[in-house]
1. Set the Förster distance to 25 Å, then compute FRET efficiency between Ile36 and Glu4 from the Cβ-Cβ distance, nearest 0.05.
2. Where does the charge balance sit around Pro38 when Lys and Arg score +1, Asp and Glu -1, over other residues with C-beta under 15 Å from its C-beta?
3. Zone of Ile88 (label point 7 Å along Cα→Cβ, backbone N under 20 Å): which residues in region 1-34?
4. On a full-extension model of 0.36 nm per residue, what is the gain between Asn95 and Trp17, subtracting their alpha-carbon distance, rounded to one decimal in nm?
Amino acid sequence: MSEELKEKLAKLAHEQWSGWVKYMFRKCIPYDDTLIIPKWAVDRWGRQSKTEYCKLSEGEKDSDRIEADRFLAVFQATIEIKGLKEQIRIMKIENKTLLTALKQEQALSQKEPQETLTKCPKCNMYGCQCDKKTIDRHEMDKQVKKDFEEHDNGT
């Protein structure tokens, strides 16, 4: 149990005890410098203190249920806070993951753009990386083509 929850429950226990004492003092009869508990209260509170909860009347149980609801409210608030803290923790992880992905995407988009493909002036092909040998081959191919054309024309 966390110290924070323990303190909340101790505060509630004190409030319940304090509320009971104030109620009891209001029912007492002042006499000189003392308070006298009336007989009806001694009989009633004495009987209730000796009775198991399951054997109390529904009205008496309702009074205890009201006090139990106060404890449940403390527990519920603690559970909700823990739930919210867990949701926040998960959101932080998700945001961190998302930020990492965005940073990676941004880093990729900031890289130097890749070379665009251009038509080779020799072979008229896109992305051709003609080296000296290829260029010579293109020249040779052009010459052979020219020779065939001249041959066919009879020149």
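1. With R0 = 25 Å, the Cβ-Cβ based efficiency is 0.05.
2. Value of the local net charge: +4.
3. 2-8
4. Stretched out fully, the Asn95 to Trp17 stretch lengthens by 23.4 nm.
No lab work stands behind these numbers, since they all come straight from the coordinates. Model, not experiment: these values are computed from the prediction. As a convention, Cβ positions derive from the backbone with ideal geometry for all residues, glycine included, and neighbour counts pool all protein chains shown.
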